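K.L.:
Submitted below is the structure of interest, expressed as structure tokens.
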Amino acid sequence: MNDLDQFLDNLQEEIFDEAREALGEKGFDRWRNPQFAGRMENPDAHGRVKGTCGDTMEIFFKFENDRVKQGSYATDGCGSSSVSASFAVELSLGKSPEELSDITGEDVIGLIGQLPEADQHCASLAALTIQDAVTDYMNNHK
Ligand code: FES
């Protein structure tokens, strides 16, 4: 291994250590192996919200019998926003529109286990994006 490789290896290890500490083991794992990431073709509901931080989050749902059967997300935000959106989708699976409306940022953080204080608004943004998707679903199914 040459010096540059060694340097990059150490750098990556440092970044991983920091992320593991910030997100906890469960959040760190999700950050490394994102689940539900990607846009969905022809969703039944699509939420899109730009947070005050300037990042945009999108959540897509397909419903069956008025319950979320499938979900996915896209975000141009930080690692915490990706982890938050991923767990927000996980939290949404199987839920009715009414139950989705009750999901809060705290619920998302609860499922992750922890989120740095400075990134807690990322979880709130995920909850807001779910609400936006619910509004879209309601509008489509009037
Ligand atoms: Fe904007 Fe995380 S900093 S969503």
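K.L.:
Sorted by packing (mean other beta-carbon atoms within 10 Å per residue), highest first, where do 38-48, 86-96, 6-16 land?
P.N.:
86-96, 38-48, 6-16
K.L.:
Could you go through region 70-77 in sequence order and give the Karplus-derived ³J(HN,Hα) for each residue, using 6.51 cos²θ - 1.76 cosθ + 1.60 with θ = phi - 60°, rounded to whole Hz, and x for Gly and Pro?
P.N.:
So the J values, rounded to whole Hz, are 8, x, 7, 9, 9, 8, 9, x.
K.L.:
For region 18-32, in order, what is each residue's ³J(HN,Hα) by Karplus, 6.51 cos²θ - 1.76 cosθ + 1.60 with θ = phi - 60°, in whole Hz (x at glycine and Pro)?
P.N.:
5, 5, 5, 5, 6, 9, x, 4, 5, x, 4, 4, 5, 5, 6
K.L.:
Another question about this same structure. Efficiency by 1/(1 + (r/R0)^6): what FRET value for Gln35 and Ala118, r their Cβ-Cβ distance, R0 = 22 Å, to the nearest 0.05?
P.N.:
After rounding to 0.05, the efficiency reads 0.35.
K.L.:
Any chance you could run the full-extension gain for Thr104 through Gln12? It's 0.36 nm times the residue separation minus the Cα-Cα distance, nm to one decimal. Write out the running numbers ahead of the final one.
P.N.:
On the way: separation 92, 0.36 × 92 = 33.12 nm, distance 3.30 nm.
Full extension of this stretch gives 29.8 nm more.
K.L.:
Order by neighbour count: Ser72, Ser82, fewest other Cβ atoms within 10 Å first, most last.
P.N.:
In order of increasing Cβ crowding within 10 Å: Ser72, Ser82.
K.L.:
Let me ask you something else. Taking θ as phi - 60°, what are the ³J(HN,Hα) couplings along region 79-93 by the Karplus curve (6.51, -1.76, 1.60), each to the nearest whole Hz, with x for Gly and Pro?
P.N.:
x, 5, 6, 5, 5, 4, 5, 4, 6, 5, 5, 4, 5, 7, 4
Readers should treat all values here as calculations from the given coordinates under stated rules, not as data from a laboratory. The structure displayed is predicted, hence computed values, not measured ones. In this analysis, Cβ positions are derived from the backbone assuming ideal geometry, glycine residues included, and neighbour counts consider all displayed protein chains.
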